[in-house]
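Beneath this line is the structure, given in structure tokens, with notes to follow.
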Amino acid sequence: MNRRGFALSVGSCLLSIQRPAFAQRAPVPVIGYLSGVSRTESADRLVAFRRGLEQAGFVDGQTVTIEFRWADGDYDRLAAMAAELVRRPVDLLVATGGPRAAQAAKAATSTLPIVFTAGGDPVKLGLVQSLSRPGGNVTGISFLTADLMPKRFELLLQLLPKAKLLAMMVNPNTPSAEDQVRGVTAAARVAGTKLQVARAGTEAEIDTAFAALMRSRPDALLIGTDALFGTRHRQFVELAARHALPAIYEQRNAVVDGGLMSYGPSFTDVYVQTGRYAGRVLAGARPAELPVLQPTTFELVINMKTAKALGLTIPQTLLVRADELVE
């Protein structure tokens, strides 16, 4: 073989060696993002989630890919969506927008790691063995929803100290519904205030339950924590305005859209932490050894324009305490 032919032969051999090495470059990991609410409702949370991912070293669209599934408040769709993500397959499931999403994710796989955000006690919900040592393939952030409901009840009484009847609406399809009712019932008993509870599990049932509540003429309304209720918060805001009924919500966006008050965890902080946890798991951390976290930042938000429309004067104690006044 002449020198030129030998050089071409060696070059071809080198290329044949190099191509497979390039083709076998590590694939980008995929997160399956399962939510009980809608994409629109989750816009701010997704910004926070991606920020947390970046803090953990993963950039969406570059070093990680996210596959989304949105149930839009229809919990019956969650099981099929979770199973679809597992079949895709993905490297990690992130389950948000209520405990039913987390339960659907856990039912779909016992091997893929899962990071959840959910209200309610994750031990009682069957998600983890304990908060400090979750065990298995699941960890995340718990809002401990039932513990916050009496606090919202207390805030309503601070606003309306002469209230005789307060109403509460819960979704019977959310696992923590009865815990929420028990917590507020106990608080009402201590305060000597009557409590009327209504239950609604669909958009149409919200209208029906609201109409039934208004026949009793309650002084104010406490909206239970639930993914469907979060998705339909504008419906509650419109109904409360139509009937001139003061109402308190879990999430700030309800107040921005015209609701009177909200009190709950900072969803920005929660979803940043969720992104960090997702990044840690993708980097090799085991969910069994990552303790379930709880929020440390809580926000009281008051819409002053809505208060004026309702003829309410916000007590100074609440004004001083508020984290945000929406004008």
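Any read-out appearing in this document is the output of simple, stated calculations on the displayed coordinates, not a laboratory observation. Note that the structure is a prediction, hence the values are computed from the model and not measured. So basically every Cβ, Gly included, is an ideal-geometry build from the backbone, and we count neighbours across all protein chains shown.
Against the chain, whose longest principal axis is taken from its Cα atoms, helix 145-159 shows a tilt of about 40°. Would you give the gap between the C-alpha center of the range 233-249 and the C-alpha center of the range 292-327, rounded to a whole Å? What the calculation gives is 16 Å, centre to centre. In the chain, Cα pairs under 8 Å separated by at least six residues give a relative contact order of 20 percent.
Working note: Cα atoms of the chain, range along each principal axis, descending, whole Å: 103, 39, 35. Distant-in-sequence amide contacts of G120, defined by a placed amide H-H separation under 5 Å and a gap of 5 or more residues or a different chain, comprise F143, L144, T145, A146.
Over the chain, dividing the summed -39,500 (n - 2.57) contributions of all DSSP H runs of at least 4 residues by the number of residues returns a 222 nm mean residue ellipticity of -13500 deg cm²/dmol. Remark: the range 120-131, residue by residue, has Karplus-estimated 3J(HN,Hα) of x, 7, x, 6, 5, 6, x, 8, 9, 7, 7, 5 Hz, where x stands for each Gly or Pro and the curve is 6.51 cos²θ - 1.76 cosθ + 1.60 at θ = phi - 60°. Over the range 108-176, the pair-distance histogram of Cα-Cα distances with 10 Å bins from zero comes to 17, 37, 24, 15, 6, 0 percent, rounded to whole numbers.
One Cα centroid belongs to the range 136-200, the other to the range 44-112; the line between them spans 28 Å. Each label was represented as a point 7 Å from its Cα along the Cα-to-Cβ direction; for M214 and D323 these points are 3.2 nm apart.
Of the trypsin sites (Lys or Arg not before Pro) found in the range 156-191, those that fall in a DSSP loop while having at most 12 other beta-carbon atoms within 10 Å are K162, K164.
Which is farthest toward the positive dipole end of the range 28-132 among G126, G98, G61, measuring Cα position about the Cα centre, with Cβ charges +1 (Lys, Arg) and -1 (Asp, Glu)? The listed residue farthest towards the positive side: G126. Across the options G192, F236, A211, the greatest Cα extent toward the positive end of the charge dipole of the range 147-296 (unit charges at beta carbon of Lys, Arg, Asp, Glu) belongs to G192. Taking Cα atoms only, the orientation of helix 267-282 departs from the longest principal axis of the chain by about 30 degrees.
Note on the range 139-296: with charges restricted to the Cβ of Lys and Arg (+1) and Asp and Glu (-1), its dipole about the Cα centre is near 340 debye. Among the listed pairs K164/K308; K124/K194; K106/K151, a Cα-Cα separation exceeding 24 Å is found for K124/K194; K106/K151. For G264, the residues whose modelled amide H falls within less than 5 Å of its own, excluding neighbours fewer than 5 places apart on the same chain, are E299.
Just rank V123, V30, V64, fewest to most, by other beta-carbon atoms within 10 angstrom. Present the calculation step by step, with values, prior to reporting the outcome.
Details: V123 14, V30 17, V64 22.
With the fewest neighbours first, V123, V30, V64 line up as V123, V30, V64.
Here the convex hull built on the C-alpha positions of the range 188-327 has a volume of 153 cubic angstrom per residue. For the chain, the longest principal axis of the Cα atoms and the long axis of helix 43-55 meet at an angle of about 40 degrees.
Take every Cα pair under 8 Å in the range 85-207 that's 6+ residues apart, average their separations, divide by the length, and report that relative contact order as a whole percent. Don't jump to the answer; show the numbers that get you there.
On the way: 177 pairs, mean separation 24.6, N = 123.
Computed value for the range 85-207: 20 percent relative contact order.
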